[in-house]
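Comments concern the structure below.
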Amino acid sequence: MNDPIVDEVRRIHDVHAVRFNYDPDAICRDIKKQEKKSGLKFVSYGPRRTEPRRAPPAPGASTKLAGYSIVPEAIFPVEPKR
């Protein structure tokens, strides 16, 4: 099944890639140069920050930390005992 839009995008991509001998670094440099030349504002996001994974509690260890339960069933804070 041919999609004329996809075919056109692929053709344009191939023509652009041939100009730079399919060198991805050269292609990216050219795209960045075209972005600057256009005068438009382009947004670039940095890498996403993720928290490191924590090891599960040791067997028999307390499942409470600072008034919160870390067992999967408990989503809400545990009321501290008075």
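Observations
- Every residue from region 1-23 that is under 16 Å from K33 (Cα atoms) and assigned to a helix (DSSP H, G or I): H16, A17, R19
- Flag for K81 being among the basic types (K, R), exposed (fewer than 10 other Cβ atoms within 10 Å of the Cβ) and at pLDDT 90 or above: no
- Check on I12, surrounded by 10 or more Cβ atoms within 10 Å (Cβ to Cβ) and over 21 Å from the mean Cα position of the chain (by Cα): yes
The values are calculated or read from the model by the stated rules, or taken from the named source; none is laboratory data. Quick caveat, the model's predicted, so the values are computed rather than measured. When we count neighbours, we look across all protein chains shown, and the Cβ atoms used for this are built from the backbone with ideal geometry, even at glycine.
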